[in-house]
Amino acid sequence: MNPFTFFPPEAAAGAAPVDRAFFWLLLLAVSICLLLFVLIVVFSVRYRRCSKARRGKLPEIISREFEIGWTTATLFIAIFIFWWFVGGIATPTAAPRQALEIHVVARQWMWKVQHAGGASEIDELHLPTNTPVQLVMTSEDVIHSFYVPAFRVKQDVLPDRTTELAFTPTVIGTYNLLCAEYCGTQHSHMTGEIVVMAQAAYAAWERQQPHGDSLARQGAALFSTLGCAGCHSAQSTVHAPKLEGLFHARVALTDGRNVTADEEYLRQAIADPRAEIVAGYSPIMPGYAGVISTADLASLVAYLESLPATKGSR
Ligand code: CUA
């Protein structure tokens with residue numbers, strides 16, 4: 001039972017001990033704080049101006065022993081807390097050998113997840129319950145931090161380096177995944193969901209996933225990272241062409257021509273949008289030539305090709 005109802009749920013094996021440690025440290029801190037406040041009040045009254053209390057220096061010997069005494073006591077309390085944390089509470093980074101290994105790549109501003117079976121997902125992480133999990137993480141750009149409050153785990157994710165995080169989810173449910181390291185303007189949007197499922201449900205989910213990271217999926221990620229949806233979505237207030245079902249469709253241009261939206265059209269529309277303006281739209285989109293790599297451009301095109309026509313989009 002979690003007595004801290006204002007806390008996130010305790011959804012992993014290591015969560016309860018962390019909360020207990022937090023509680024004891026809080027208790028300790030509050031006790032010291034109260035002691036100090038009481039002493040302040042007592043001394044303020046006792047040594048107020050004109051009071052008869054004895055003043056002057058303490059005898060040398062008392063003063064020295066008192067100093068040594070409280071310094072030693074504090075030192076032992078600190079060492080005890082350290083020993084207590086390292087001994088039992090700190091989550092061991094080394095997971096058991098049979099742990100489910102999952103790769104996580106962070107980038108501005110998303111989480112890419114690659115399951116052992118080849119399934120991949122973005123800003124989502126599906127996990128089986130009661131199974132030790134070992135995350136192997138790295139970053140493509142700056143420092144991020146993988147943070148799941150419900151699991152009481154947090155680990156920095158660094159460029160050019162691999163960090164690991166081990167935990168065992170225990171409660172079925174959906175939990176927040178946050179980035180806990182300021183990593184740029186969209187840092188606060190670098191969130192995701194951890195979906196903890198029954199083991200059989202996870203196995204079924206894993207089987208259903210498309211395996212291997214297709215170009216279109218990479219493009220979808222890029223589409224999200226670059227913020228393309230900010231203009232090219234039904235909810236956007238910006239007047240931009242809809243992209244669903246665009247591939248192979250006929251497009252009327254402002255110069256009167258009618259072209260087919262083939263791969264080359266899509267590529268150019270991203271790299272140099274002003275070359276061919278769609279009739280009825282303003283040339284407001286920035287060109288991405290030189291901004292994104294050729295490979296990224298290819299994945300974006302693949303993503304656009306994969307978008308099915310939605311009702312009323314064409
Ligand atoms: Cu990634 Cu903050």
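All of the numbers you see were taken from the coordinates with simple rules; none came from a lab. Here the structure is a predicted model, which means the values were calculated and not measured. With ideal geometry, Cβ positions are generated from the backbone for all residues, glycine too; neighbour counts draw on all protein chains shown.
A few remarks follow.
- Calculated FRET efficiency for the pair F66/T174, C-beta based, R₀ 41 Å, to 0.05: 0.15
- Net length gained if the chain between T225 and L25 were fully extended (0.36 nm per residue, minus Cα distance): 68.0 nm
- With contributions of -39500 (n - 2.57) from each DSSP H run of at least four residues, the per-residue ellipticity at 222 nm computed over the chain stands at -10500 deg cm²/dmol.
- Eigen-decomposition of the gyration tensor built on the alpha-carbon atoms of the chain gives equivalent ellipsoid semi-axes of 57, 26, 17 angstrom, largest listed first.
- At least 27 Å along the helix axis (C-alpha) and Kyte average at least 1.6, DSSP helices within the chain: 15-46
- Rg in Å to one decimal, and Dmax rounded to a whole Å, for the range 133-229 via C-alpha atoms: 14.8, 39
- Here the alpha carbons of the range 13-87 define both size measures, Rg and Dmax, at 18.2, 60 Å.
- Distance between modelled label sites at E124 and H248, nm, 7 Å Cα→Cβ extension: 2.6 nm
- Most fluctuating residue given options I62, I292, I143, as computed from a GNM of the chain linking Cα atoms under 10 Å: I62
- Within a Gaussian network of the chain (alpha carbon springs, distance under 10 Å), most fluctuating of Y175, Y47, Y281: Y47
- Kirkwood hydrodynamic radius (C-alpha pairs) into Stokes-Einstein, the range 167-314, 25 °C and 0.890 mPa s, D in µm²/s: 137 µm²/s
- Cβ-derived FRET efficiency at R0 41 Å, A53 paired with T185, nearest 0.05: 0.10
- Computed E for F80/E264 - FRET, C-beta separation, R0 45 angstrom, nearest 0.05: 0.05
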